[in-house]
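The values are calculated or read from the model by the stated rules, or taken from the named source; none is laboratory data. Given the structure is predicted, the values throughout are model-derived calculations rather than measurements. Counting neighbours? That spans all protein chains shown, and the Cβs are built from the backbone with ideal geometry, glycine included. Side chains included, ligands, DNA and RNA excluded: accessible areas come from the protein's heavy atoms. Shrake-Rupley method; radii C 1.70, N 1.55, O 1.52, S 1.80 Å.
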Amino acid sequence: MTRAIDKNELLDTQAWKLLEKSIIYYKGKPIGTVAAQDPQLNSLNYDQCFFRDFIPSALVFLMAGKPEIVRNFLGETLKLQSHEKQMDCFEPGAGLMPASFKVEHDGDEEFLVADFGERAIARVPPIDSCMWWLLLLRAYEKSTGDVDLARQPEFQRGIKLILDLCLVHRFSMYPTMLVPDGAFMIDRRLGVYEHPLEIQVLFYASLIAARELLLPDNDEYISKVNARLGALKYHVRNYYWLDLQRISEIYRYKGDEFGKEVANKFNIYPESIPHWLMEWLPEEGGYLAGNLGPGRMDFRFFALGNLMSILVSLASDVESESIMNLFAERWEDLMGYMPVKICYPALEGLEWRMITGCDPKNSAWSYHNGGNWPVLLWLFVAAAQKIGRPELAQKAIATVENRLIADNYPEYYDGKNGRLIGREARLYQTWSLAGLLAAKQFMADPDQIQLMSFAEISQSLGCSL
């Protein structure tokens, strides 16, 4: 069994040294980490600091007692936030945080250049960046006890701009957030438009974080947050949840029902239940569906959203245990040789052609289409620890550690069981090594899970459909 390392041991590991080497400096201060340090491949934008990539690195720095880089990241990226409503349709909306940034030079001058998606492949907007920023600000406060940072006027303004962006009036009957394809970790076309689980969980967590971070005199914002939180929790728990009982209910649904009190509220047709699900779903397991919209339920399993739902208590205690039971029962499918598989199953054949647009990087069992991502290890370990399944966390670390080091920390792995280094995977991927370090620290000190963990919120908040 793998032994968790303490803080002093962590500072001597190869992974820690690589993490230190990845640090980006701005005006002499550490500000973030590059995405990858692969010396053999074109860097593209892997030499930038991505918001979502920096999260596991930031957690490692906080747990190692080195919060300066996290504080600098939070302060400098706040200055990059889009503040004004733009007339140009190709400009970011107010409140949006960039996907990434890099340090550039003009003579002796240094400045930060942000990418809001205008330079990204397919021009994808970073919906999740502002949510991760809020979660990291809360984690920083919990780790350091520094409550003054978030209460500075510019931070309070930044929090409210994010809430303005997320709680805007919209053409929707649901409390969930409507987003385009490719707007979060799965940043290429994969049929995750509308109301993908990952964004709903991050949205839920960021609303709680914002409520904790706002000064008490922000009654209007806090009231809006409370109203949305209760409705969002009810909606996801009741309508996204899938287990054998729920599948049996959908199987007997009648379509085209009219009226307020109907069983099939979203007009899901029983014929849309995939054949693989009937045999794959174990008796004691369940999970939150990948997406839900009018006449549409995405039955694929998405790891980040389900694991995060455990950490932030969006999934109930019973649901959380069922999700972890599913991992235990379907270990070969969801964990394999290199935990954790980002989604299951992969899109193949005609379905892959139509939904991905024939994306060769997202071919079946590769990259985001069923690939295995070591960075998700920290989420799995934290979630397993939270619900009292440390043996699964230890098993995952033992599966990952030696191979990940020997393979030079690839970005992702390919194949049904994650046996192959990804065809286009960068080596020395910072969040792969940071995910391992964070996971081991969570094993060494489970109390650190509080940095990204949330308690159950009051049942009285909000409304239901």
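Of the residues Thr144, Leu165, Pro390, the one whose Cα sits farthest toward the positive end of the charge dipole of the chain, with +1 on the Cβ of Lys and Arg and -1 on the Cβ of Asp and Glu, is Pro390. When the surface is traced with a 1.4 Å probe over the full set of protein chains, Ser248 keeps roughly 70 Å² accessible.
Electrostatic bookkeeping for Val381 treats Lys and Arg as +1 and Asp and Glu as -1; over the other residues with beta carbon under 11 Å from its beta carbon, the sum is +4.
Determine the order of Asp128, Asp164 by accessible area, beginning with the largest, at a probe radius of 1.4 Å.
On the way: Asp128 0, Asp164 70 Å².
The residues order as Asp164, Asp128, largest area first.
Maximal additional length on extending the Val168-Phe258 stretch stands at 29.5 nm, based on 0.36 nm per residue less the C-alpha distance.
Where a ≥ b ≥ c are the square roots of the eigenvalues of the C-alpha gyration tensor, would you call region 329-413 rounded, which needs a/c under 1.5, or, failing that, prolate if a/b is larger than b/c, or oblate? In terms of gyration-tensor shape, prolate. Listed by chain and number, the aspartates and glutamates whose alpha-carbon sits under 12 Å from that of Lys440, ignoring those within fewer than 8 places in the same chain, are Asp6, Glu9, Glu401.
Please state the relative contact order of the chain as a whole percent: Cα pairs under 8 Å, 6+ residues apart?
Details: 839 pairs, mean separation 80.6, N = 465.
Relative contact order comes out at 17 percent.
Under the convention that each Lys and Arg Cβ holds +1 and each Asp and Glu Cβ holds -1, the size of the dipole of the chain around its Cα centre is about 300 debye. Computed from point charges on the beta carbon alone (+1 for Lys and Arg, -1 for Asp and Glu), the dipole magnitude for region 268-334 about its Cα centre is near 340 Debye. The residues of the chain present an accessible area of 42 Å² per residue when probed at 1.4 Å with all protein chains retained.
Tally up the carbon and sulfur contribution to the accessible surface of the chain as a whole percent, 1.4 Å probe, everything protein left in place.
Working: 10040 of 19650 Å².
With neighbouring chains kept in place, the figure for the chain is 51 percent.
Descending by average beta-carbon neighbour count within 10 Å, the peptides 306-315, 351-360, 406-415 line up as 306-315, 406-415, 351-360, the highest first. Each 10 Å bin, from zero up to the one with the longest distance, holds this percent of the alpha carbon pairs of region 209-364: 9, 32, 33, 19, 7, 0.
Using a 1.4 angstrom probe with every protein chain in place, what is the largest-first accessible-area order of Thr13, Thr430? Please list the in-between numbers first.
Working: Thr13 35, Thr430 5 Å².
The residues order as Thr13, Thr430, largest area first.
Counting Lys and Arg as +1 and Asp and Glu as -1 over every other residue whose Cβ lies under 14 Å from the Cβ of Val147, the net charge comes to 0. Quick one: of Lys21/Lys233; Lys142/Lys395; Lys224/Lys361; Lys102/Lys361, which pairs are farther than 31 Å apart, Cα to Cα? From Lys21/Lys233; Lys142/Lys395; Lys224/Lys361; Lys102/Lys361, over 31 Å: Lys21/Lys233; Lys224/Lys361.
Projecting the Cα atoms of Leu214, Ile273, Leu62 onto the charge dipole of the chain (Cβ charges, centred on the Cα centre) puts Ile273 farthest toward the positive pole.
When Lys and Arg each count +1 and Asp and Glu each count -1, what net charge do the other residues less than 12 Å away from Ala209, Cβ to Cβ, add up to?
Numbers: positive: Arg138, Lys142, Arg211; negative: Glu141, Glu212.
Residues near Ala209 contribute +1 overall.
Take every Cα pair under 8 Å whose residues are at least 6 apart in sequence, average their separation, divide by the length of region 351-465, and the relative contact order is 28 percent.
Which order do the peptides 132-139, 257-264, 421-428 take when ranked by the mean count of other beta-carbon atoms within 10 Å per residue, highest first?
Working: 132-139: 23.4, 257-264: 9.4, 421-428: 18.9.
Per-residue mean Cβ counts within 10 Å order the peptides as 132-139, 421-428, 257-264.
Compute the Cα gyration tensor for the chain, then decide on rounded, prolate or oblate, letting a ≥ b ≥ c be the square roots of its eigenvalues: rounded whenever a/c is under 1.5, prolate when a/b is larger than b/c in the other cases, and oblate in all that remain. Taking the square roots of the gyration eigenvalues as a ≥ b ≥ c, the chain is rounded. Of the listed residues Tyr140, Tyr234, Tyr174, Tyr337, the order by accessible area with a 1.4 Å probe, largest first, is Tyr337, Tyr234, Tyr174, Tyr140. The overall shape of region 224-266, judged from the alpha-carbon gyration tensor, is oblate: a/c is not under 1.5, and a/b is no greater than b/c. Take 113-120, 272-279 and order them by the average number of nearby Cβ atoms within 10 Å per residue, most first; the result is 113-120, 272-279.
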